[in-house]
1. Starting from the range 83-103, take each residue that is outside any loop (DSSP other than H, G, I, E, B) and list its partners that are among the acidic types (D, E) and modelled with pLDDT of 85 or more, counting only C-beta distances under 8 angstrom and pairs at least six apart or across chains.
2. Could you list, in sequence order, all residues of the range 104-124 that are closer than 14 Å to V73 by Cβ and touching a residue at least 60 places away in the same chain (Cβ under 8 Å)?
3. Looking at the range 1-12, which of its residues are of a type in the set (V, I, T), over 21 Å from V101 (Cβ atoms) and not in a strand (DSSP E or B)?
4. Enumerate the pairs (first residue in the range 26-47 and farther than 15 Å from Q95 by Cβ; second residue anywhere and surrounded by 13 or more Cβ atoms within 10 Å (Cβ to Cβ) and of a type in the set (K, R)) with beta-carbon separation below 7 Å, excluding pairs fewer than 6 apart on the same chain, so at least 6 apart or on different chains.
5. Give the residues of the range 13-56 that are in a loop (DSSP other than H, G, I, E, B) and either touching a helix residue (DSSP H, G or I) at 6+ places or on another chain (Cβ under 7 Å) or aromatic (F, W, Y) (or both), sorted by residue number.
6. Which residue, of W46, W25, is farther than 19 Å from D119 by Cα, surrounded by 14 or more Cβ atoms within 10 Å (Cβ to Cβ) and not hydroxyl-bearing (S, T, Y)?
7. Determine which member of the set Y76, Y52 is crowded, with 18+ Cβ neighbours inside 10 Å, aromatic (F, W, Y) and at pLDDT 90 or above.
8. Of the conditions (1) at pLDDT below 85; (2) more than 17 Å from S105 (Cα to Cα), D42 fails just one. Which one is it?
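The values are calculated or read from the model by the stated rules, or taken from the named source; none is laboratory data. A quick note: this is a predicted structure, and the numbers were derived from the prediction, not measured. Because the Cβ atoms are built from the backbone with ideal geometry, glycine has one as well, and the counts that use them run over all protein chains shown.
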Amino acid sequence: METANGYRAITYEKYEIELEIIYNWIISCEPAEGYYQFIYSDPDSWDMFILYSPYNMGFSKNKIKLSVDGSVVKIYATSSESTDAETDYILIRIQAPLRGVWPTSSELYLDGIQIDKQDSQFTV
């Protein structure tokens, strides 16, 4: 999905992540009630990764909506929880357009409920 101002969001499977630093961050994240955020940027690009992997919960076919409010990326996910869940996590990659100020934080809403951000122990 893409916003009118050029931000893009897509869900990923863990095995689709090819960049080693991002993959290492993903595997360092333990299941938790909150979600994890990781920003990867260089002078030419900005990517935010969101990982939500709560205890004993599965997800199937998430629908994602996105908005950018100042320096905050707001992610709205709608899930269909079922016993036939495809994964036990939600992994979202958000890419910013080259122009403008890049966000520094995020908020995740799942089925209308705000999920707290979890602190990550990952260091580069």
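1. Pairs found: T87/E13; L91/E13; R93/D47; I94/D47; Q95/D47.
2. T104, S105, S106, L108, I115, K117
3. Across the range 1-12, there are no qualifying residues.
4. Filtered contacts from the range 26-47: I26/K14; G34/K117; Y35/K117.
5. Within the range 13-56, I17, Y55 meet the criteria.
6. Just a single option satisfies the conditions, and that option is W46.
7. Values: Y76 fails: crowded, with 18+ Cβ neighbours inside 10 Å.
Result of the check over Y76, Y52: Y52.
8. Just one mismatch for D42, condition (2).
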